[in-house]
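The values are calculated or read from the model by the stated rules, or taken from the named source; none is laboratory data. None of these values were measured; they are calculated from a predicted model. So basically every Cβ, Gly included, is an ideal-geometry build from the backbone, and we count neighbours across all protein chains shown. Note: areas computed on protein heavy atoms with side chains; ligands, DNA, RNA excluded. Shrake-Rupley method; radii C 1.70, N 1.55, O 1.52, S 1.80 Å.
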Amino acid sequence: MAKESETVSKKGKVAPRNPLPRRDPKERVRDFEEVALGFDEEAARAEARRCLQCKRPTCVEGCPVGVDIPGFILALAEERFAEAVRVLKDRNNLPGICGRVCPQETQCEKVCVVSRRGEPVAIGALERFVAAWEGEHMPEAGVPGFGTEVPKDRDKRAGDTLLSYELKHRGARGPKVGVIGSGPGGLTAAAELARYGYRVTIFESLHAAGGVLRYGIPEFRLPREILDREVEYVKGLGVEIETDVLVGKTVTLEELREEEGFEAFFVGTGAGLPWFLGIPGENLAGVYSANEFLTRINLMKAYRFPEYRTPVRVGKRTAVIGGGNTALDSARCAQRMGSEATLLYRRTRAEMPARAEEVENALEEGVALKELAVPVRMVGDEEGHVRGVECQRAELGEPDASGRRRPVPIEGSEFVVEADTVVVAVSTSPNPLLPKAEPRLRTRSDGRLVVDPETGETSVPGVFAGGDIANDAGTVIAAMGDGKRAAAAIHEYLQRKRGSGSQVP
Amino acid sequence: MSKFQVMSKRIMAPEVTRLEVQAPRVARKAQAGQFVMVRFDERGERIPLTIAEADPEKGTIAIVFQAVGHSTREMAKLAVGESLANMLGPLGQPTEVRRYGRVVCAAGGVGIAFIYPEIKAFAEAGNEVISILAARTKELLFYVDEIRELSSELHLATDDGSLGHHGLVTDVLRGLLEQGEHYDYCIAIGPIPMMKATAELTKEYGLPTLVSLDPIMVDGTGMCGGCRVTVGGEVKFACVDGPGFDGHLVDFEELTKRKRTFREEEERCRLEEAADELEEESER
Ligand SMILES: Cc1cc2nc3c(=O)[nH]c(=O)nc-3n(C[C@H](O)[C@H](O)[C@H](O)COP(=O)(O)OP(=O)(O)OC[C@H]3O[C@@H](n4cnc5c(N)ncnc54)[C@H](O)[C@@H]3O)c2cc1C
Ligand code: SF4
Ligand code: FES
């Protein structure tokens, strides 16, 4: 180990965690610019030195893609920044995204050894710093020829490694692999497959790549230049992205296989089907699914209407139903569009599945939280426009299948929350479109595809799947982990298919 | 050739434009009743448009639209050789084209463009097609010759009486039904009030009726739920479950109200454009 860790230097007392600087809530609630500001070099170094460099790093086990966390943190502590980039990107193609949106508090940071005595190492914030450093010092990383111009005075070894690794496979003419959907799962699978040397095309139904990262997560949490950069990086590996293709409608997997020569597929079509509550009044004007609300604002940039042509109607008061990331994002968007947003959640703050940091951010920004509120009806006016949500108060009962205590509505406790905009953000499930168009793909009762948990292979040979279409983890990183595993399995499958001993590609 | 390039352009009627657009994947798969989502430019809305014609050999489809909103007004200005930013399709369920016997097809306004592929498909499937086309005034009628070719009878109607029957589509259909004409199936496509009135009329006669709905849409793939409509008491997503539905079961009231959601924003857009145009003119 290179340096004595500063965390334990004072006889087992844990040095306090370096806070991630954030913009003033009063200021940030007026725009869609990023909320968190990120560490500077000094803070990053200081935070990196809180890491104990454990022999058995539990944090790595907590990371769904197994990033060598102490490895990249050590490089940071020793100011070998390019090396930190290399170590991190070796396992995680999209660090700028993960550093911002991963629920670290339930993953790596939850099991970080330091957390036994104090606050865990700010792994997410460090990851984010590394991605930012890469962006600033290795600007060519996103374009073809990646790594060819790593500044000479920087860590040479890391540059060379990247260069040789990427170039070895550049221009490879391996078999064609199709990736359906350009969310984090699809992007990761595509990047990995390209690195193996396959010719990869991503088919995306929307007009822009990124999946939920593009249409769902708002810019104040994930600036679009970060996402664009990561998408460019994937393209730089030789991946083609064909937008405006809805697989199952525009073209089928069978046609892609038979007529266009694709030999294997990764399906990462996500869980894009919005749920509604099925309560009266839900089709009143002014009631949106979170998907519609967020797509209008994020993908279509309705917050810049009329410069961008897609409108979104946000009234004086917005009620958002739900307690997950989607609900939080909707409420914070509404608040930024000048509305007073209230979250209606049927459990309490402690049970909210959203990222803890975002709950805190939302409350700081003035979003109100009504706990234990179960909507039963939406109330409208003669014009057919929504005016409020009638709720019942609930109390928490026994834990349900998810382990969270079940809300039990109290009879006669009805109350109305006034709202002229309502966003339903309760849940989503896989869009049944592709499975319906490909009946050989077997699905579970919840609409997800049946896959081999190790490889992601579906019931159709050569078709692999991952992310929200296959698993219910519902996180960016889990989708990426799936994409990575499936890419390895596809590689193996294609090698097997060509007969043992053959070198594919 | 760039993607979604305009290959030919035809003015069908005042304010009604037909663009033939390069879109080989869409052209190959398009069937009657399906639509595309179109985005004019990088800042544009995604708007649904029925596929009026498809030519798989040439790899083109034709869209016909009336310049009513910002996007359609911009699109109407496109020249041959220019391109649309995006086009996704074919979307929605194809119409179930069966051999019913005598099929009456009623269309109003720009709905004529959307019923044309249906008429073609039903005629090709061996049905006798009786067509009723209506518009505000005679200049706004189009595809008349094409549809006449495919129909055993063609009835025209105009609100102002400038051509054909003086009155509404439903007046003509009512007349025919009252005369004792028998039909096995009806297709009605046009503005909501027209489809609603037609469905109410055919219900009296127990004539099964297909209508094609165009609610608010964002993605067109079942992702946003903005297009939800109530049909027979059930909530459906028009973009994936439709856009064709049993006209006797559609809750037109709700559809009308939901469609008004962005009325003020549309108005704001229109006013700003009008102001821009005035400014441009004064500069000239
Ligand atoms: C608002 C919101 C906020 C979230 N916040 C967080 C967070 O902070 N942290 C976190 O870890 N997770 C978060 N999540 C969850 C996370 O975004 C998802 O788990 C993750 O994006 C799933 O990735 P995926 O690759 O499976 O697919 P998705 O990201 O869902 O992407 C699927 C893509 O496939 C495309 N597609 C679908 N069908 C077809 C087809 N037939 N043909 C072609 N293309 C198709 C879609 O258009 C889409 O672009 C959030 C989700 C939402 C909705
Ligand atoms: S568990 Fe925490 S302290 Fe140990 S290596 Fe991982 S980040 Fe460092
Ligand atoms: S248009 Fe979005 S679900 Fe139909």
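Here the strands (runs of 3 or more DSSP E) wholly within the stretch A:355-436 that include at least 3 residues being within 14 Å of chain B (Cβ to nearest Cβ) and at pLDDT 95 or above are A:421-424.
Results for (1) under 22 Å from A:Leu20 (Cα atoms); (2) within 8 Å of ligand 2 (Cβ to nearest atom); (3) among the hydroxyl-bearing types (Ser, Thr, Tyr), shown as yes or no for each residue.
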residue	(1), (2), (3)
A:Ala44	yes, no, no
A:Cys63	yes, no, no
A:Gly66	no, no, no
A:Ile69	yes, yes, no
A:Glu78	yes, no, no
A:Glu83	no, no, no
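Could you please let me know if A:Arg304 is more than 23 Å from A:Leu284 (Cβ to Cβ), within 14 Å of chain B (Cβ to nearest Cβ) and either crowded, with 19+ Cβ neighbours inside 10 Å or free of Cβ contacts under 8 Å to residues at least 12 places away in the same chain (or both)? Against the criterion (more than 23 Å from A:Leu284 (Cβ to Cβ), within 14 Å of chain B (Cβ to nearest Cβ) and either crowded, with 19+ Cβ neighbours inside 10 Å or free of Cβ contacts under 8 Å to residues at least 12 places away in the same chain (or both)), A:Arg304 qualifies. Filtering A:Gly315, A:Gly323, A:Gly286 for residues that are away from ligand 1 (no atom under 16 Å from the Cβ) and more than 8 Å from chain B (Cβ to nearest Cβ) leaves a single hit, A:Gly315. Report yes if some residue within the stretch A:310-320 is in contact with a Pro (Cβ under 9 Å, 6 or more places away or on another chain) and at pLDDT 95 or above; otherwise report no. Yes - at least one qualifying residue is present in the stretch A:310-320. Restricting the stretch B:3-60 to residues that are basic (Lys, Arg) and within 12 Å of chain A (Cβ to nearest Cβ) leaves a set whose member that is most open to solvent (accessible area, probe 1.4 Å) is B:Arg28.
Within the stretch A:100-140, being of a type in the set (Gly, Ala, Ser) and away from ligand 2 (no atom under 14 Å from the Cβ) holds for A:Ala131, A:Ala132, A:Gly135.
Would you pick out the residues in the stretch B:131-154 that are open to solvent by 50 Å² or more (accessible area, probe 1.4 Å) and not charged (D, E, K, R)?
The initial filter retains those residues of the stretch B:131-154 that are open to solvent by 50 Å² or more (accessible area, probe 1.4 Å), namely B:136, B:138-139, B:145-146, B:148-150, B:152-153.
B:Leu150, B:Ser152, listed by residue number.
With respect to B:Pro90, is the statement that it is within 14 Å of chain A (Cβ to nearest Cβ), modelled with pLDDT of 95 or more, out of contact with any strand residue (DSSP E or B) (no Cβ under 8 Å at 6 or more places or on another chain) and at negative phi true? Give the steps one after another, and end with the answer.
Values: within 14 Å of chain A (Cβ to nearest Cβ): yes; modelled with pLDDT of 95 or more: yes; out of contact with any strand residue (DSSP E or B) (no Cβ under 8 Å at 6 or more places or on another chain): no; at negative phi: yes.
No; evaluated as a whole, the condition is false for this residue.
Each row is one residue, and each column tells you yes or no for (1) assigned to a helix (DSSP H, G or I); (2) at positive phi; (3) within 16 Å of ligand 3 (Cβ to nearest atom).
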residue: B:Leu177; (1), (2), (3): yes, no, no
residue: B:Ile187; (1), (2), (3): no, no, no
residue: B:Met194; (1), (2), (3): yes, no, no
residue: B:Met217; (1), (2), (3): no, no, yes
residue: B:Gly226; (1), (2), (3): no, no, yes
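When the stretch A:112-142 is limited to residues that are away from ligand 1 (no atom under 16 Å from the Cβ) and without any contact (Cβ under 8 Å) to a residue 40 or more places away in the chain, the one that is nearest to A:Val60 (Cα to Cα) turns out to be A:Ser115. Set side by side, the residues A:Val212, A:Val251, A:Val245 differ, and just one is open to solvent by 30 Å² or more (accessible area, probe 1.4 Å), more than 16 Å from ligand 2 (Cβ to nearest atom), under 21 Å from B:Gly220 (Cβ atoms) and not assigned by TED's automatic domain parsing to the domain that holds A:Val416, which is A:Val212. Scanning the stretch B:228-239 for residues that are in a loop (DSSP other than H, G, I, E, B) and either within 16 Å of ligand 2 (Cβ to nearest atom) or not basic (Lys, Arg) (or both) turns up at least one hit.
Checked against (1) among the small types (Gly, Ala, Ser); (2) within 16 Å of ligand 3 (Cβ to nearest atom); (3) out of contact with any helix residue (DSSP H, G or I) (no Cβ under 6 Å at 6 or more places or on another chain), A:Ala425 meets all criteria but (3). Within the stretch A:403-447, the residues that satisfy the criterion of being acidic (Asp, Glu), under 20 Å from A:Gly322 (Cα atoms) and touching an Asp or Glu at 6+ places or on another chain (Cβ under 8 Å) are A:Glu414, A:Asp446. I'd like to know if the stretch B:202-211 contains one or more residues that are within 29 Å of A:Gly211 (Cβ to Cβ) and either within 16 Å of ligand 1 (Cβ to nearest atom) or touching a helix residue (DSSP H, G or I) at 6+ places or on another chain (Cβ under 6 Å) (or both). No, the stretch B:202-211 contains no residue that is within 29 Å of A:Gly211 (Cβ to Cβ) and either within 16 Å of ligand 1 (Cβ to nearest atom) or touching a helix residue (DSSP H, G or I) at 6+ places or on another chain (Cβ under 6 Å) (or both). Looking at the stretch A:225-249, which of the residues that are away from ligand 3 (no atom under 16 Å from the Cβ) and within 14 Å of another protein chain (Cβ to nearest Cβ) is farthest from B:Arg25 (Cα to Cα)? Only one residue tops the list, namely A:Asp228.
Do any helices (runs of 4 or more DSSP H) entirely within the stretch A:171-248 hold 3 or more residues that are more than 14 Å from ligand 1 (Cβ to nearest atom) and among the basic types (Lys, Arg), and if so, which? Spell out the reasoning first.
Values: elements: A:184-196, A:212-215, A:224-236.
Helices (runs of 4 or more DSSP H) meeting the threshold: A:224-236.
Report whether or not B:Val240 is among the β-branched types (Val, Ile, Thr), facing chain A (nearest Cβ under 8 Å) and open to solvent by less than 70 Å² (accessible area, probe 1.4 Å). Answer is yes for this residue.
With more than 16 Å from ligand 1 (Cβ to nearest atom), among the acidic types (Asp, Glu) and either open to solvent by less than 10 Å² (accessible area, probe 1.4 Å) or more than 14 Å from every other protein chain (Cβ to nearest Cβ) (or both) as the only criterion, which of A:Glu78, A:Glu109, A:Glu105 stands out?
Working: A:Glu109 fails: more than 16 Å from ligand 1 (Cβ to nearest atom); A:Glu105 fails: more than 16 Å from ligand 1 (Cβ to nearest atom).
Among A:Glu78, A:Glu109, A:Glu105, only A:Glu78 is more than 16 Å from ligand 1 (Cβ to nearest atom), among the acidic types (Asp, Glu) and either open to solvent by less than 10 Å² (accessible area, probe 1.4 Å) or more than 14 Å from every other protein chain (Cβ to nearest Cβ) (or both).
Return yes or no: is B:Ala274 more than 9 Å from chain A (Cβ to nearest Cβ), out of contact with any helix residue (DSSP H, G or I) (no Cβ under 8 Å at 6 or more places or on another chain) and open to solvent by less than 40 Å² (accessible area, probe 1.4 Å)? The answer is no for B:Ala274. Taking the stretch B:155-175 as the range and being open to solvent by 20 Å² or more (accessible area, probe 1.4 Å) and on the phi > 0 side of the Ramachandran plot as the test, the residues that pass are B:Gly161, B:Gly164.
Taking (1) more than 12 Å from every other protein chain (Cβ to nearest Cβ); (2) under 20 Å from the mean Cα position of the chain (by Cα); (3) within 19 Å of A:Lys249 (Cα to Cα); (4) open to solvent by 10 Å² or more (accessible area, probe 1.4 Å) in turn, A:Ala465 satisfies each apart from (4).
Tell me which residues, restricted to the stretch A:26-45, are touching a residue at least 40 places away in the same chain (Cβ under 8 Å), surrounded by fewer than 15 Cβ atoms within 10 Å (Cβ to Cβ) and not acidic (Asp, Glu). The answer is A:Arg30, and nothing else.
If you check A:Ala290, A:Ala350 for being within 16 Å of ligand 3 (Cβ to nearest atom) and either at pLDDT 95 or above or over 25 Å from B:Asp219 (Cβ atoms) (or both), only one passes: A:Ala290.
Restricting A:Val450, A:Val463 to those that are at pLDDT 95 or above and either among the hydroxyl-bearing types (Ser, Thr, Tyr) or more than 12 Å from ligand 1 (Cβ to nearest atom) (or both) reduces the list to A:Val463.
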